[in-house]
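Written out below as structure tokens is the structure these notes cover.
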Amino acid sequence: MKKNESNTLLRMENIVKTFPGVRALDDVNLDVKKGEIHAICGENGAGKSTLMKVLSGVWPHGSYDGRIVYDGEECRFSNIHQSEQKGIVIIHQELALIPELSIAENMFLGNEIKRHGVIDWEATYHEADKHMKEVGLVESSRTKIKDIGVGKQQLVEIARALAKNVRLLILDEPTAALNEAESAHLLDLMRQQRDQGTTQIIISHKLNELAAVADTITVIRDGKTVDVMEDIQKKGVDENQIIRSMVGRPLDNRFPEHESKIGDVLFEIKDWVVEHPLRPGQLVCKNSTIMVREGEIVGLAGLMGAGRTELARSVFGHSYGNYLSGTTYMRGEPITMTTVREAIAKGVSYLSEDRKALGLNLLDNIYESVIAAKPQKVAQLGILDLLMARRHAEDYRSNLRIKTPSVATNVNTLSGGNQQKVVLAKWMFTDCDILILDEPTRGVDVGAKFEIYTFIQALADEGKGIIVISSELPELLGITDRIYTIFEGEVTGDIPTAHTNQEELMRLMTSSTHDPVDRQ
């Protein structure tokens, strides 16, 4: 069916993209109107990011079949520079900023403002400040990227896009690493840019955010366009319809039913005190005390920077901060874990919130990644048995439904959700007793989330102790047995999940108390 050509900025027609053994895009069609926010959603591995890479020239013309018509003209981009010249700018889920450079240097990297062949730094800082003001970023443009948080870094990426005279802005999972306040600010900024005429495409798994800002939603499943929903802001959106389109089946409950089988105390952290690694005197853990029983799923709730990750990493082999005092116990006996190797040997595993930087070696394939934390488990006389490694990896591929044609596939070719499943498999391979999961479903679609929740519950049913750190309170309320709240490095609450709600958790997450709530 023909659309109104004058109102269409972008049309992608019959796009097909294949990789060895995988048809990533199979006759995808996409129509984006001028001045709208167009959402693309689908399960991990559905082809969303691949489609945007085709559009932006990351995958050049000739490497795919189909047509791209932009502003009435057929485009055949050979690289990302050509698409940016047309005003198409993509902000990837993994931010492409250089930590040691300033905000201004990052904003104009490759697009330098020059006079007589020399960079004009005065003009560079002036232009950077102007675009930072547009996105509401209150910071000096001379500040280094490493000295600002992820939320501000996301705003730098958008300011950089504005500096390139963007007409079509593509945001791939823009709020995945942001807290609620930062996410709300970013969504407001998207609305402002729409009001100013900037067309935007957003890829997101957060259906509530899509309902808040999207004008049109296109759903992709298994590399095909399966549904298009229009006039969202007028008609509203049925989240269940989106889920049915995404996963190909109704998902009546976001969280699987589970009856916990909780046993004796398995793991304890007592009076844990840790100092910030770069700021002497600043404590990131203040006499923190938590415990986990056999078969129990315990949540850690706190705002970003509250000390949840700092606690987890400092316990896991003292891999963060300067340890000052405190004791860890396994089944009532004190244990020491001063290195990551020692922590693994004592039965403790930690799945990092940053799977690319701390969870995976992107040069490895799947089976190499699965055995990475405990290779001696598949070694004979010090020599790796690769056949055994592949068999173990194949079991995890099947159980976790990792979408890949082979366990010999490189992990850098997998979608974010499937990479997350590989990291989960890696730590399960260690036969741990305690599994600490830091944002285990970040950037993961609702169908894959359900699968991960089911797997977490199955591990708990085996008697393992699970600690889940999550910025999504509904997630913690949906899968945990008990929740600790943390504020500025201090444990402020210890509450059975059945006896609390989001409002009470938020109160405990935003105020200090020396008399923590305890309702056991």
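Scanning the range 337-372 for residues that are within 22 Å of residue 463 (Cα to Cα) and either open to solvent by 20 Å² or more (accessible area, probe 1.4 Å) or of a type in the set (Asp, Glu) (or both) yields 342, 344, 345, 346. Under 27 Å from the mean Cα position of the chain (by Cα), part of a strand (DSSP E or B) and modelled with pLDDT of 95 or more: is that true of residue 274 in this structure? Here the answer is yes, as residue 274 does meet what is asked. If you go through the range 408-427 and keep only what is surrounded by fewer than 23 Cβ atoms within 10 Å (Cβ to Cβ) and either free of Cβ contacts under 8 Å to residues at least 40 places away in the same chain or not in a helix (DSSP H, G or I) (or both), you end up with 408, 409, 410, 414. Do we have residue 458 as open to solvent by 10 Å² or more (accessible area, probe 1.4 Å), within 30 Å of residue 220 (Cβ to Cβ) and among the aliphatic types (A, V, I, L, M) here? Yes: the conditions hold for residue 458. Here's a check for you: in the range 172-191, which residue that is in a helix (DSSP H, G or I) and hydrophobic (A, V, I, L, M, F, W, C) is nearest to residue 34 (Cα to Cα)? Checking each candidate, the answer is 190.
Checking each residue in the range 1-24 for being at pLDDT 80 or above, within 14 Å of residue 74 (Cα to Cα) and either open to solvent by 70 Å² or more (accessible area, probe 1.4 Å) or not basic (Lys, Arg) (or both) picks out 8, 9, 10, 12, 13, 14, 15. Only one of the listed residues (245, 204) is under 23 Å from residue 95 (Cβ atoms) and buried (at least 19 other Cβ atoms within 10 Å of the Cβ). That residue is 204. When both residues are 6+ apart or on different chains and their Cβ atoms are under 7 Å apart, which pairs have a first residue that lies in the range 282-305 and is free of Cβ contacts under 8 Å to residues at least 24 places away in the same chain and on the phi < 0 side of the Ramachandran plot, and a second that is part of a strand (DSSP E or B) and surrounded by fewer than 20 Cβ atoms within 10 Å (Cβ to Cβ)? Once the first residue is free of Cβ contacts under 8 Å to residues at least 24 places away in the same chain and on the phi < 0 side of the Ramachandran plot and sits in the range 282-305, its partners that are part of a strand (DSSP E or B) and surrounded by fewer than 20 Cβ atoms within 10 Å (Cβ to Cβ) give 282/275.
Within the set 301, 312, the sole residue that is of a type in the set (Gly, Ala, Ser), open to solvent by less than 50 Å² (accessible area, probe 1.4 Å) and closer than 22 Å to residue 330 by Cβ turns out to be 312. Taking (1) touching a Ser or Thr at 6+ places or on another chain (Cβ under 8 Å); (2) surrounded by fewer than 18 Cβ atoms within 10 Å (Cβ to Cβ); (3) of a type in the set (A, V, I, L, M) in turn, residue 138 satisfies each apart from (1). Scanning the range 305-361 for residues that are within 17 Å of the chain's Cα centre (by Cα) and not in a loop (DSSP other than H, G, I, E, B) gives 308, 309, 350, 351, 355, 356, 357, 358, 359. Evaluation of residue 169 against the conditions (1) in contact with a helix residue (DSSP H, G or I) (Cβ under 9 Å, 6 or more places away or on another chain); (2) part of a loop (DSSP other than H, G, I, E, B) shows that the sole unmet condition is (2).
The values are calculated or read from the model by the stated rules, or taken from the named source; none is laboratory data. These numbers were taken from a predicted model, which means no experiment stands behind them. In this analysis, Cβ positions are derived from the backbone assuming ideal geometry, glycine residues included, and neighbour counts consider all displayed protein chains. Just the protein is used for accessible areas: all its heavy atoms, side chains included, with ligands, DNA and RNA removed. Shrake-Rupley method; radii C 1.70, N 1.55, O 1.52, S 1.80 Å.
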